[in-house]
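Enquirer: The following block contains the structure, expressed as structure tokens.
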Amino acid sequence: MLKSLSLTAIMALIWGSSFPFSKLAIDAIGPMPFRFITLVLSCSILFVLFYKEVSASMAIMDKQNMFKMMVVALPNILLVPTLNNLALYYTSVTNATILIYTMPCFTSVILMLMARKIDFLSVLAAVLCMLGVFFVLNEIFISLGEVIILSSALVWAVGTILAQKVKPTLSSKATLFWQFLFSALCLGVILLFALERQQWILPVKIVLSDLKIMMSLLYISVIGSALIYFIWFYLIKTKSAEFASYATLFSPLITLVIMMLFFDEYPLLTQALGFALILLSAVIINIVKPLLTRRSSG
């Protein structure tokens, strides 16, 4: 249990620092090139670290495992980070941080709909979450960034449920590499047709000429992508989707502290109130509901 709690704390710290680090590079090179470069770097790192497991997985790879990996990778590794990066390009880190953590509420509502059973705590959390979103968006002009980040939270919720229910039989290390490779190839094909030649060359020049941008890319690739997803899928596999979501209770606080200390970006009073309501909804879903469920079953 101590190991799982320690990993959750590490995951919260990494997630909490990922948005500010990402914002630095995204503003300089654009969201799509940023995501593609981090995916390629993450794939390279994972291949070197897990070469033995990846090589062994090639011998037992089949269509069923490949399909399962793609199903989990599509929302979790391809869509959610890409949507997050796009949102950060159009909105502030503060708004993105607050709104992305509507994910636990979305997860609970989806699970309730799947069970076809009304749950009081899930409904209460959903109401609090919607009120929180209203307060956050009430004082600002709703841009494309806010719409994208809420869409990302919904996709993340779906991805979290899929990751718990769809489990490849390969080792977790090999699975993670193949999922990153699949995501990198998909995004690479999309960008090949979406971007002109100059739009590929310019981001590379900027990265190579700016140490700050280079460090941001390396941090997100190594720590904020490869390591964080390994911990995320490990906790989902060994514990549950709800347990893995515990990190979402702490990481937004870390992000907001970083933004206030280093970027002079302070949330408005209504944003703080909205954030408190969204956080309360997450506490209900991730702590109160599981605790009451265990007591009633015990």
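Enquirer: Show the residue pairs that are 6+ apart or on different chains and have beta-carbon atoms under 8 Å apart, the first residue being within region 216-234 and more than 10 Å from Leu39 (Cα to Cα), the second being of a type in the set (Lys, Arg) and assigned to a helix (DSSP H, G or I).
Expert: These pairs meet every condition: Phe230/Lys173.
Enquirer: Taking region 129-149 only, how many residues are in a helix (DSSP H, G or I) and surrounded by fewer than 18 Cβ atoms within 10 Å (Cβ to Cβ)?
Expert: Narrowing region 129-149 to residues in a helix (DSSP H, G or I): 129-138, 144-149.
Then keep just the ones that are surrounded by fewer than 18 Cβ atoms within 10 Å (Cβ to Cβ); that gives 130-131, 134, 138, 144, 147.
The total comes to 6.
Enquirer: Regarding Ala174, is this residue surrounded by 23 or more Cβ atoms within 10 Å (Cβ to Cβ), of a type in the set (A, V, I, L, M, F, W, C) and at pLDDT below 90? Please lay out each step first, then the result.
Expert: On the way: surrounded by 23 or more Cβ atoms within 10 Å (Cβ to Cβ): yes; of a type in the set (A, V, I, L, M, F, W, C): yes; at pLDDT below 90: no.
Criteria not met by Ala174.
Enquirer: Consider Ala96 carefully, then state whether it is crowded, with 22+ Cβ neighbours inside 10 Å and within 21 Å of Val283 (Cβ to Cβ).
Expert: Taking the combined requirement at face value, the residue satisfies it.
Enquirer: List the helices (runs of 4 or more DSSP H) that sit entirely inside region 20-128 and contain at least 2 residues that are within 23 Å of Ser216 (Cα to Cα). First the steps, then the outcome.
Expert: On the way: elements: 31-49, 51-60, 63-73, 80-90, 93-100, 103-115.
Counting at least 2 such residues, we get 31-49, 80-90, 93-100.
Enquirer: Still on this structure, I have one more. If we keep just the residues of region 187-209 that are at pLDDT below 85 and of a type in the set (Val, Ile, Thr), which is surrounded by the fewest Cβ atoms within 10 Å (Cβ to Cβ)?
Expert: Among them, the one singled out is Ile201.
Enquirer: State yes or no: is Ile29 surrounded by 21 or more Cβ atoms within 10 Å (Cβ to Cβ) and under 14 Å from the mean Cα position of the chain (by Cα)?
Expert: no
The values are calculated or read from the model by the stated rules, or taken from the named source; none is laboratory data. Quantities reported herein were computed from a predicted structural model and do not represent experimental measurements. Neighbour counts run over all protein chains shown; Cβ positions are idealised from the backbone, glycine included.
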